[in-house]
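Chemist: This is the structure, below, for whatever I ask next.
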Amino acid sequence: QVRLVESGGGLVHPGGSLRLSCAAPETMASILDFTWHRRAPGKERQVVAAISTAYDESYGDSVKGRCTISRDNTNNVVHLQLTGLKPEDTAVYYCMAASDGHIYWGRGVQVTVSS
């Protein structure tokens, strides 16, 4: 079982920034494709950003231009930098990793954007 641990969530004012992190087990990070999802109250889960083992990045339309995903295989961590945060970015953010047909999820971290 691959355990993913998210961190970095919290309360931020509109226009603020946050960096979320997803820690993967040692020796596993380099073989995993990572995707950040989010689920807002009463809404369906939404893809925020993804990064492959080849460092290919993709972003959801709702966060394009305000979001950067990166990976650090040496330290087994994936980061999600969010800027220009809006109240509608409020959600639980989940890290998902996939490799060889297996999918793993973290427990999620709350991000609340409010004044």
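The values are calculated or read from the model by the stated rules, or taken from the named source; none is laboratory data. Given the structure is predicted, the values throughout are model-derived calculations rather than measurements. Glycine gets a Cβ as well: all are built from the backbone with ideal geometry, and neighbour counts include every protein chain shown. Surface accessibility is based on the protein's heavy atoms, side chains included, excluding ligands, DNA and RNA. Shrake-Rupley method; radii C 1.70, N 1.55, O 1.52, S 1.80 Å.
Chemist: Percent of accessible area on the chain owned by carbon and sulfur, 1.4 Å probe?
Modeler: Values: 2980 of 6230 Å².
Roughly 48 percent of what the probe reaches on the chain is carbon or sulfur.
Chemist: Normalising by the residue count of the chain, find the relative contact order in percent from Cα pairs under 8 Å and 6+ residues apart.
Modeler: On the way: 282 pairs, mean separation 41.9, N = 115.
Rounded, it is 36 percent for the chain.
Chemist: How much accessible area per residue does the chain have, counting only protein heavy atoms and a probe of 1.4 Å, in square angstrom?
Modeler: 54
Chemist: List the cysteines in the chain whose Cβ has no other cysteine Cβ under 4.7 Å from it.
Modeler: CYS67
Chemist: Using θ = phi - 60° and the Karplus curve 6.51 cos²θ - 1.76 cosθ + 1.60, what whole-Hz ³J(HN,Hα) does each residue of the range 21-35 get, with Gly and Pro shown as x?
Modeler: Couplings: 10, 10, 8, 10, x, 4, 6, 9, 4, 5, 9, 10, 8, 10, 9 Hz.
Chemist: At 7 Å along Cα-to-Cβ for each site, give me the label-to-label distance between ARG45 and SER58 in nm.
Modeler: It works out to 1.6 nm between the two label points.
Chemist: Give the Cα extents of the chain along the principal axes, in whole Å, largest first.
Modeler: Its Cα atoms span 41, 25, 22 Å along the three principal axes.
Chemist: Would you kindly state how much longer the chain becomes between ARG3 and GLU88 on full extension, computed as 0.36 nm times their sequence separation minus their alpha carbon distance, in nm to one decimal? All intermediate terms of the calculation are to be shown ahead of the outcome.
Modeler: On the way: separation 85, 0.36 × 85 = 30.60 nm, distance 2.84 nm.
Gain on stretching ARG3 to GLU88: 27.8 nm.
Chemist: From the C-alpha gyration tensor of the range 57-115, pull out the three semi-axes of the equivalent ellipsoid (sqrt of 5λ each), sorted largest to smallest, in whole Å.
Modeler: Ellipsoid semi-axes (Å, largest first): 23, 14, 12.
Chemist: Go through 26-36, 54-64, 101-111 and give me the packing order, highest mean Cβ count within 10 Å leading.
Modeler: Ranking, from highest mean packing down: 26-36, 101-111, 54-64.
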